[in-house]
Amino acid sequence: MKIGNKEYNLKTLDLFNTGFIVAFHIFGIIALYMHFATEQTHWLLWVSAIALYFLTGMGVTAGYHRLFSHRAYKTNSFMEFLYLVFGAGAFENSCLKWSADHRVHHNHVDTEKDPYNIKEGFFFAHIGWIFLKTNKEPHYPKDLTSDKLVMWQHKYYLIIASLVGIIIPWYLGALAGYFWGGLGVLALGRLLFVYHSTFFINSLCHMVGTQPFSDEHTARDSVVMAFFSYGEGFHNFHHQFQTDYRNGIRWYYYDPTKWLIMFLHKIGVAKDLKQTPQIDILRAKMIMASKKNKVASTLPQATSIAQSFDEVAKKWKTLKSEYNRLSQDLVQMKDDKLEQFDHQYIQRKAELLKALEHSQNECERLFYKWSQQISMAQIPA
C-alpha cells in the first residue's frame, strides 16, 4: 500500500513499531468505550488524566526537547531524573533515541536525511516514519552517551515507560473503582493524546501556519498547536532559533514549557537559560517582511533605515563579544589578581552593559520606524 511517497508493506514495515502503535490505538479505543459503557465516569478521573498529560508531555518538551536535544538551559540531576522518568511515560522512545533523531531533523530539515521529512507527505511526517524500517545505524551524540542518567533511562526505558505510562495510572484508576477508566482515560487515552500532540508538530506545523522568522525551511508557527503541545507550536521561531529556551517569545504566548523553565530558574533549579538577542529576532522579521512586501526593497526610506539597523546590530555584536571575552578573562584570573582588576572590571562591565542596552534600544527604534515606512507604502494613494 502506498501512502504519499512511501510504500507500506511487509517488507518495508518495522513490525514491532507498527504492531505497538496500532495496538495502542485499538486497545485505547476499546478501553474508552468500555469505560463509558460499563462505568459512571467522574470528573476527578479526567482531571488526573490532564495532570498526567502535562507531566508526561512536558517531560518530553522541557526535558527531551529543550534540555537534552538543544541544551537550551541547565538544571540539576534531580530535575533531569524527573524529566527522564515522566518523559518515558509519554512512550515516545528513550531520551537518547528521541534526542538523536531530533538533532538530525534540525540539521537536515526537509531533506532525505530528515527522519520525519514533511516532503514525503503528511502521513509520513506525522506517524508513518515510525512504521518503516530504517537501514541507518543510530548515531548517538557523545554529550548524551556520557550522561549516566540518560544511559540509565535508555537501558531500562521499557520498564520505566510501562510503569509510569500504563501500569501505575491503570492501577490507580482501578483502585478508585474505574478499571476501564484507569486503562482508557488515565493510561492509553491520555497517551494517544500526548502522541498526536507531538506528532502534529512534525506534520501539521510543517504545513499550516505562519512564517514570521524564516521561509528557508517548512516549519510554521501555529497558535492552535501551541495550545495542545505545551507551547511547541511556535515552530517557525524554534527552527530559526533552536537553542532558545523559549518557543513563544512574547510573555503572553501560550508556552507552559517556557513558563516551567522560567519558574525553575526563579527558584534556582535552572540556570544558563539561552535566549536569542532581540536584535537577531528583529532582523529575521525584517528579512521576512521584506520578502512579503517587495516594496520594502525598493523604498529608499525603508532601505536606508534597514542599513542603519545593520550598522547598529553589528556594533551590538562587537560589544557583546567584548563583554563575553571580559567575563571569560575574569573567570580565568587567579584569586590573588582579582582584587587588583576588580574595579576596572566592574567599571568596564557597566560601560559595556550600558552600550549594549543603548544599541538594542536603537535597533528596536529603527525596526519600528522601518515597519511604519512599510505600512505607509502599502496604503493606496
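The values are calculated or read from the model by the stated rules, or taken from the named source; none is laboratory data. Values in this document were obtained by computation on a predicted structure and should not be read as measured data. Cβ: placed from backbone, ideal geometry, glycine included. Neighbour counts: every protein chain shown.
Within the range 2-58, the residues that satisfy the criterion of being under 30 Å from GLY121 (Cα atoms), touching a Phe, Trp or Tyr at 6+ places or on another chain (Cβ under 8 Å) and part of a loop (DSSP other than H, G, I, E, B) are GLY4, ASN5, TYR8, ASP14. From the list GLY165, GLY173, GLY177, GLY181, the one residue that fits, being closer than 18 Å to ILE21 by Cα and in the same structural domain as TYR116 (by TED's automatic domain parsing), is GLY165. For MET151, the conditions (1) at pLDDT below 95; (2) in a helix (DSSP H, G or I) all hold with the exception of (1). Checking SER162, SER203, SER214 one by one, the residue that is within 19 Å of GLY57 (Cβ to Cβ), polar (S, T, N, Q) and more than 16 Å from the chain's Cα centre (by Cα) is SER162 and no other. A count restricted to the range 178-222 and to residues that are more than 27 Å from SER162 (Cα to Cα) and in a helix (DSSP H, G or I) stands at 3. In the range 326-357, the qualifying residues are those that are at pLDDT 80 or above and surrounded by fewer than 14 Cβ atoms within 10 Å (Cβ to Cβ), and the one that is nearest to ILE279 (Cα to Cα) is GLU357.
Of all residues in the range 302-329, those that are in the same structural domain as LEU282 (by TED's automatic domain parsing) and more than 18 Å from GLN360 (Cβ to Cβ) have Cβ atoms under 6 Å from Cβ atoms of residues that are part of a helix (DSSP H, G or I) and among the polar types (S, T, N, Q), 6 or more apart or on another chain, in ALA302/GLN373. Given the conditions (1) farther than 23 Å from THR56 by Cα; (2) crowded, with 19+ Cβ neighbours inside 10 Å, which single one is not true for LYS142? Unmet for LYS142, out of (1) farther than 23 Å from THR56 by Cα; (2) crowded, with 19+ Cβ neighbours inside 10 Å: (2). Scanning the range 24-55 for residues that are among the polar types (S, T, N, Q) and in contact with a Leu (Cβ under 8 Å, 6 or more places away or on another chain) returns a single hit, SER48. The test for being buried (at least 16 other Cβ atoms within 10 Å of the Cβ) and either at pLDDT below 95 or of a type in the set (A, V, I, L, M) (or both) does not hold for ALA37. Could you say whether any residue in the range 227-247 is among the small types (Gly, Ala, Ser), in contact with a helix residue (DSSP H, G or I) (Cβ under 6 Å, 6 or more places away or on another chain) and on the phi > 0 side of the Ramachandran plot? For the range 227-247, residues among the small types (Gly, Ala, Ser), in contact with a helix residue (DSSP H, G or I) (Cβ under 6 Å, 6 or more places away or on another chain) and on the phi > 0 side of the Ramachandran plot: present.
For the range 59-75, the set of residues classified as crowded, with 18+ Cβ neighbours inside 10 Å and outside any helix (DSSP H, G or I) consists of HIS70, ALA72, TYR73, THR75, listed by residue number. Go over the candidates ALA313, ALA377, ALA296 one by one and state the one that is farther than 26 Å from TYR73 by Cα, of a type outside the set (Asp, Glu), buried (at least 17 other Cβ atoms within 10 Å of the Cβ) and modelled with pLDDT under 85. Step by step, each of ALA313, ALA377, ALA296 is checked, and only ALA296 is farther than 26 Å from TYR73 by Cα, of a type outside the set (Asp, Glu), buried (at least 17 other Cβ atoms within 10 Å of the Cβ) and modelled with pLDDT under 85.
Scan LYS136, LYS113, LYS119 and give me the residue that is in a helix (DSSP H, G or I) and among the charged types (D, E, K, R). So that I can check it myself, show each step before the final result.
On the way: LYS136 fails: in a helix (DSSP H, G or I); LYS113 fails: in a helix (DSSP H, G or I).
On inspection, the qualifying residue turns out to be LYS119.
The set of residues in the range 232-282 that are buried (at least 18 other Cβ atoms within 10 Å of the Cβ) and among the β-branched types (Val, Ile, Thr) comprises THR257, ILE261, THR276, ILE279, ILE281.
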